[in-house]
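Step one of this worksheet: look at the structure below.
The values are calculated or read from the model by the stated rules, or taken from the named source; none is laboratory data. What you see is a predicted model; the values in this text were computed from it and never measured. Here the Cβ positions follow ideal geometry from the backbone for every residue, glycine too, while neighbour counts run over all protein chains shown. The accessibility values were calculated without ligands, DNA or RNA, using every heavy atom of the protein model including side chains. Shrake-Rupley method; radii C 1.70, N 1.55, O 1.52, S 1.80 Å.
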Amino acid sequence: MKKLLILAITLCSSLFTVDAADKKDLVDYVNPLVGSQSKISLSTGNTYPAIAMPWGMNFWMPQTGKMGDGWAYTYDADKIRGFKQTHQPSPWINDYGQFAIMPVTGKVVFNQDKRASWFSHKAEVAKPNYYRVYLADHDVVTEITPTERAAMFRFTFPESDNSYVIVDAFDRGSYVKIIPEENKIIGYTTRNSGGVPQNFRNYFVVVFDKPFTYKATVGDDEIRKGETEAKENHTGAIVGFSTRKGEIVHARVASSFISPEQAELNLKELGTDNIEQIAAKGRKIWNDVLGRIEVKDDDIDHLRTFYSCLYRSVLFPRSFYEIDAKGQVMHYSPYNGEVRPGYMFTDTGFWDTFRCLFPFLNLMYPSMNQKMQEGLVNTYKESGFLPEWASPGHRDCMVGNNSASVVADAYIKGLRGYDIETLWEALKHGANAHLRGTASGRLGYESYNQLGYVANNIGIGQNVARTLEYAYNDWAIYTLGKKLGKPESEIDIYKKHALNYKNVYHPERKLMVGKDNKGVFNPNFDAVDWSGEFCEGNSWHWSFCVFHDPQGLINLMGGKKEFNAMMDSVFVIPGKLGMESRGMIHEMREMQVMNMGQYAHGNQPIQHMVYLYNYSSEPWKAQYWIREIMNKLYTAGPDGYCGDEDNGQTSAWYV
């Protein structure tokens, strides 16, 4: 078999070092609102302004959506309902470890609609390390600056005997306790969207610097004045103050997935610093991380787009570990519910991020991905599988066994210092098993191993997509095995299966087509039909998904001339074709409206395709289309993406 090649998207070659005299704080180029002008029917990123540290455990965000709404902040909203601690990786996966804080004035209220306040983007400042907004209905300015597991709030109140701060622990089982003598509220929230053990809780602590003149707990929307403790479906706490005009009240906030005591330890991240000092330290951290790449460009919009994308590229996977009283790294396991030593990371879908994000981390932030690899070792030990989509534990989302790529790429690029032998065993196990109810392992592995493809008549959808990704995953396993010096008797099967992509190639159509378990191609195949045998795309998107053997694919299609003609066709076939092939999903609409034919950069399967022109002797087409995509489909505005940003993947492509 000819030597196969990884097709990985790497850094743009036109990077220049900025002269020292021209250096600015790179964090000032970042717009956290990019991609937030989204909705269910059309995504321009499906992001929210994450006020956080790079790879931080806890993010904070202004909450415009209702409790439980995955679209928790949308740019076109008029009102803010609270400021939410969030761990949401995408609106489709939704959130966990969530509670909200909201200052109000006037009448005591708790209901999320009644407490909501009008706001304007003209009175809003959003930076990665700092957020400020004016809540017009309450005449209160709210400011937030985070650390990895804590945050400082500063509320500037008007003159009022009725100034309050609400802590909403959300529904599905929560607890709050007010401790007036310590100006403190503690509690826990359990609201989640799946992927957690039975004992899952996020414990929080909120400490104010002003004594309470009012206190009440809330149980299922009933405000109970004078009470200090509540434990039921939906709880909250309200504390009040008498304030002078312009009086400032601070709230120091932290949380833990381990215990209330650990939440108190995490609060110490704030130290004795004031909000300006915390923000300044966060600013330095962001500048250091963003400063790994310095770009020189006379167009400030290009710089804003670049650094906004770089910001998104270093948020996920998020840290899911904490530092105990002895200084040891510990984590609550979202897989078995135990508190265990070592690193843990979560909130990433490898189907998205194996393509650009993890190769990018290996190149630019290898020490972080080393910790992530250690976290994968712990995941396998605690659950018996590597994750394919984790939030915080195993989730049933997307296809493929792309943990193989994430593990192999890291080791082959030189990362060391973790238990690669355990990961090797994990890869072999995941290639020949499936964790029921999740995407972990390989759904349809029996058909794939027996027939060389996942058949389209055995009750498993997206079968062509699975076949193509399993073939690439097998190549990743084989390549890692060679690097580790494993015997041919152990790894030869993966070498053989790496060519299974050929089993779903239709020589007459020159595209990938589904087959039944008798080897008969789908007689009703239409190349523009979405879904069915494919995942969030059609055959035009998936037929070039042979990352590891571009020459083999070129040969299948009849040589470079024919191969280039097929790729050219992607941009020629009207985007409206295929819109009637199934119920509309946002990815279809995002392709249709971009006027780039069947090219669907808003989703992952085709994002690598234009680079294949480099393998087929027409590199000028790669150059043309890459620049066209960058200039047309990315901006630094609230509609800055052409589809879901997907936890750093679409941003890392741009970077």
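Numerical summary
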item	result
Candidate lysines - alpha carbon under 21 Å from LYS576, same-chain residues fewer than 8 apart omitted	LYS39, LYS632
Carbon/sulfur fraction of accessible area - the chain, other protein chains in place, 1.4 Å, %	49
Phi-based couplings in Hz for segment 245-258 (Karplus 6.51, -1.76, 1.60; Gly and Pro marked x)	4, x, 6, 9, 10, 9, 10, 9, 10, 8, 8, 8, 8, 8
Per-residue SASA entry for ARG395, accessible area with 1.4 Å probe, Å² rounded to 10	30
5 angstrom amide H check on PHE99, placed H, neighbours 5+ away	GLN85
Table column - 3J(HN,Hα) (Hz), segment 344-354, Karplus curve with 6.51, -1.76, 1.60, x for Gly and Pro	8, 10, 7, 6, 8, x, 5, 4, 7, 8, 5
Eligible lysines near LYS515 by straight Cα distance, threshold 17 Å, same-chain separation 8 or greater	LYS502
Extension gain, VAL109 back to GLU338 (0.36 nm per residue minus Cα-Cα distance, nm)	78.6 nm
Heavy-atom accessible area ranking, 1.4 Å probe, most first, across LYS66, LYS326, LYS482	LYS326, LYS482, LYS66
Theoretical gain in end-to-end length, GLN328 to ILE585 [0.36 nm per residue, Cα-Cα removed]	88.0 nm
For segment 468-510 and segment 556-632, distance of Cα centres in Å	25
Per-residue ³J(HN,Hα) for segment 177-194, Karplus 6.51 cos²θ - 1.76 cosθ + 1.60, θ = phi - 60°, Hz, x for Gly and Pro	9, 9, 10, x, 5, 10, 6, 10, 10, 10, x, 8, 10, 10, 4, 8, 10, x
Per residue, in Å², the accessible surface of segment 234-314 once ligands and nucleic acids are set aside, probe 1.4 Å	41
Over segment 375-457, relative contact order from alpha-carbon pairs under 8 Å, at least 6 apart, %	32
Distant-in-sequence amide H partners of HIS331 (H built 1.01 Å from N, under 5 Å)	GLU322, ARG340, GLY342
Cα shape, segment 30-72, gyration tensor, a/c 1.5 rule	oblate
5 angstrom amide H check on GLU232, placed H, neighbours 5+ away	SER174
Anchor LYS381: lysines whose Cα lies under 26 Å away (excluding residues fewer than 8 positions away in-chain)	LYS326, LYS371, LYS413, LYS428, LYS482, LYS483, LYS486
Cα centroid separation, segment 233-263 to segment 337-363 (Å)	31
Reported label for calculated Cα extents along the principal axes in Å given (i) 108, 57, 44; (ii) 79, 51, 50; (iii) 84, 60, 50	(ii)
Sequence-separation-based contact order of segment 144-240, relative, with Cα cut under 8 Å and 6+ spacing, percent	31
Two-site FRET efficiency, GLU181 against ASP639, from Cβ-Cβ distance with R₀ of 56 Å, rounded to 0.05	0.70
Virtual spin-label span in nm between LYS79 and ASP221, 7 Å along Cα→Cβ	1.4
Fully extended contour minus Cα-Cα distance, from VAL520 to ALA136, at 0.36 nm per residue	131.7 nm
Segment 89-128-segment 134-195 distance, computed between alpha-carbon centres (Å)	10
Helix-only CD estimate at 222 nm, as mean residue ellipticity for the chain, using -39500 (n - 2.57) per DSSP H run (n ≥ 4)	-8000 deg cm²/dmol
The chain: DSSP helices with Cα axial extent of at least 24 Å and average Kyte-Doolittle hydropathy no lower than -0.5	none
Rough spin-label spacing in nm, given labels placed 7 Å along Cα→Cβ, for SER367 and LYS284	1.5
